[in-house]
Amino acid sequence: MPATAHIDFIVAAYAAGLIVIVALIAWVTLDYRLQRRILAELERQGLSRRSTTLRDASQAVREDV
Amino acid sequence: MRVAELANPSRFLRAANLAIPWLGGATVLLFAFALYRAMLAPDDYQQGATVKIMFLHVPSAWLGMLCWALMTVAALGTLVWRHPLADVAAKAAAPLGAAFTLLCLVTGSLWGRPEWGTYWVWDARLTSELILFLLYLSVIALWRTVEDASRAARAVAILTIVGAIDLPIIKFSVDWWNTLHQGASVFRLGGSTIHPAILVPLLLMAAAFTLLFMTLLLAATRNEILRRRVRTLRLLQASAAG
């Protein structure tokens with residue numbers, strides 16, 4: 001069997017691998033930037049997990065991690 | 001730092017921020033070496049050059065199953081020990097597992113067409129792998145459907161534990177049924193049947209994929225913690241305003 005037999009299938013498989021890996025890296029990177037940006041925006045508005053106002057209200061929220 | 005201390009999300013974030021760049025760098029280096037060895041690997045006497053597809057297919061299949069096994073442990077952590085990070089990690093892991101299982105199915109089809117003459121057969125191994133992919137999609141859908149995070153976590157944990165039944169079915173499907181898919185050839189009693197010239201790059205690729213998975217899992221778990229903090233702040237903001 002020649003070395004280049006079915007090369008199109010091999011290239012397609014590695015292209016699929018590259019797409020999946022790049023998509024996963026892009027997903028976690030962009031999501032991280034988005035969450036950091038939203039948290040920074042909320043803190044600019046005076047909200048933080050340690051602010052006095054929020055500490056009073058935090059009884060209502062049980063899923064704080 | 002002890003592992004138990006990572007149960008605290010703030011400590012986990014600090015550890016993840018330190019570890020992710022190093023793990024990412026190690027992943028790139030290991031992938032470069034593994035791909036170099038994979039490209040130098042000789043053709044198989046039966047499969048020819050298409051054996052190179054196995055360097056993607058086999059690690060992604062292993063990771064698809066490993067990820068569900070980790071999610072099962074996390075599900076026990078949610079239901080039994082009520083570990084504060086268990087459902088966070090499980091939620092972060094599901095899209096990763098789905099992606100690797102999809103890659104396994106796609107690369108398997110691309111290998112099957114030249115070797116078997118078809119992209120797909122309803123063979124026990126292929127069908128049980130497809131079921132695993134559908135289970136991943138179900139878990140992701142369940143997280144998005146149930147608004148209350150703690151209720152969603154319990155429902156997902158139960159589905160994950162029930163779904164774990166598919167793991168031994170995938171593993172032993174080639175022994176229990178007469179399948180077109182080949183039997184175990186790497187981890188089996190009596191040792192591997194693969195020549196070291198192909199086995200070594202295969203294991204290197206598996207190690208690189210595993211390192212990539214660990215890095216992505218840490219990063220996705222960190223994102224999920226931040227997302228929950230955002231949600232908490234917004235709820236508190238709404239509560240304070242009301």
**Asked** A:TYR32 passes all but one of (1) open to solvent by 80 Å² or more (accessible area, probe 1.4 Å); (2) facing chain B (nearest Cβ under 7 Å); (3) at pLDDT 95 or above; which number fails?
**Response** (1)
**Request:** Check B:ALA74 against each of (1) of a type in the set (A, V, I, L, M); (2) out of contact with any Phe, Trp or Tyr (no Cβ under 9 Å at 6 or more places or on another chain); (3) within 11 Å of chain A (Cβ to nearest Cβ) and name the one condition it does not meet.
**Result:** (3)
**Prompt:** For segment B:216-234, does any single residue satisfy the condition of being surrounded by fewer than 16 Cβ atoms within 10 Å (Cβ to Cβ), hydroxyl-bearing (Ser, Thr, Tyr) and farther than 16 Å from B:PRO59 by Cα?
**Reply:** no
**Request:** Can you confirm whether segment B:182-202 contains a residue that is closer than 30 Å to B:THR78 by Cβ, open to solvent by less than 40 Å² (accessible area, probe 1.4 Å) and of a type in the set (S, T, N, Q)?
**Result:** no
**Item:** Residue check, B:PRO84 in contact (Cβ under 8 Å) with a residue 60 or more places away in the chain, in contact with a strand residue (DSSP E or B) (Cβ under 9 Å, 6 or more places away or on another chain) and within 14 Å of another protein chain (Cβ to nearest Cβ)
**Value:** no
**Message:** Looking at the structure I just gave you, is B:PHE55 facing another protein chain (nearest Cβ under 10 Å), under 16 Å from B:LEU167 (Cβ atoms), in contact (Cβ under 8 Å) with a residue 24 or more places away in the chain and not charged (D, E, K, R)?
**Reply:** no
**Message:** Residue under question is B:ARG222, and the condition is that it be within 14 Å of another protein chain (Cβ to nearest Cβ) and more than 22 Å from the chain's Cα centre (by Cα); does it hold?
**Reply:** no
**Asked** Condition test on B:ILE161, is it modelled with pLDDT of 95 or more and of a type in the set (Val, Ile, Thr)?
**Response** yes
**Complete:** Residues of segment B:124-159 being acidic (Asp, Glu) and either more than 13 Å from chain A (Cβ to nearest Cβ) or in contact with a Leu (Cβ under 6 Å, 6 or more places away or on another chain) (or both), in sequence order, are B:GLU129
**Identity of the residue in segment B:27-50, buried (at least 16 other Cβ atoms within 10 Å of the Cβ) and under 22 Å from the mean Cα position of the chain (by Cα), that ends up nearest to B:ILE225 (Cα to Cα)** = B:THR27
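The values are calculated or read from the model by the stated rules, or taken from the named source; none is laboratory data. Worth saying up front: this structure is predicted, and the values here are computed from it rather than measured. Positions of Cβ are backbone-derived with ideal geometry, glycine not excepted, and every protein chain shown enters the neighbour counts. Side chains are part of the model used for accessible areas, which takes the heavy atoms of the whole protein and leaves out ligands, DNA and RNA. Shrake-Rupley method; radii C 1.70, N 1.55, O 1.52, S 1.80 Å.
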